[in-house]
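Visitor: Structure in structure tokens, see below.
The values are calculated or read from the model by the stated rules, or taken from the named source; none is laboratory data. Just so it is clear, the model here is predicted, and its values are computed rather than measured. So basically every Cβ, Gly included, is an ideal-geometry build from the backbone, and we count neighbours across all protein chains shown.
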Amino acid sequence: GNLMLGQPGMKQSIPVGETGIRELAAYLLDYNGFSGVPPTALVSISHVQFHVSDAFSFSSVPYKVASLQRFVGHDFDAGELGPGSFTVTSVHRIGILDVRVMNLDRHAGNMLVKKRCDQDMKGYNRLGTAELVPIDH
């Protein structure tokens, strides 16, 4: 059957209905964008397709609460690069965020990577260190 609010979800440690709240909390706790969490809002939405196994009329479809996060253009996820591509500072910033929000599921697939071009001393553009953007808290 359908899972009810508060029951264990796909991840046993996160109850059904709390993922959107966790995403918003991560954004709010990321003081002044310290770790780079994209802007996030909590939304209430409804659509009959969210309840395909239930019989509802269009006027009585229940609402769901979810998070809406700004899209981040990126070049890869962290799993596609070696650890030498990131500064210790950028990794520590995400680690600090994960401790604050008790995220136990950080992995290379939920850190987006944006390439940055730096100029060297002679004024040539070169690939610099990568910027990490944490998602999926």
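Visitor: Select from the stretch 61-74 the residues that are modelled with pLDDT under 90 and out of contact with any Gly (no Cβ under 7 Å at 6 or more places or on another chain) and write down the one among them that is nearest to Thr40 (Cα to Cα).
Guide: Lys64
Visitor: Does Gly33 satisfy being of a type outside the set (A, V, I, L, M, F, W, C), within 15 Å of the chain's Cα centre (by Cα) and modelled with pLDDT of 90 or more?
Guide: When the stated conditions are applied, Gly33 passes them.
Visitor: So, one more: Would you confirm, using the coordinates I've provided, whether Gly109 is more than 13 Å from Glu131 (Cα to Cα) and not in a strand (DSSP E or B)?
Guide: So Gly109 passes the test.
Visitor: Which one of Leu68, Leu97, Leu104 is part of a strand (DSSP E or B), hydrophobic (A, V, I, L, M, F, W, C) and touching a residue at least 12 places away in the same chain (Cβ under 8 Å)? Talk me through it step by step, then tell me what you get.
Guide: Details: Leu97 fails: part of a strand (DSSP E or B); Leu104 fails: part of a strand (DSSP E or B).
Exactly one residue qualifies, and that residue is Leu68.
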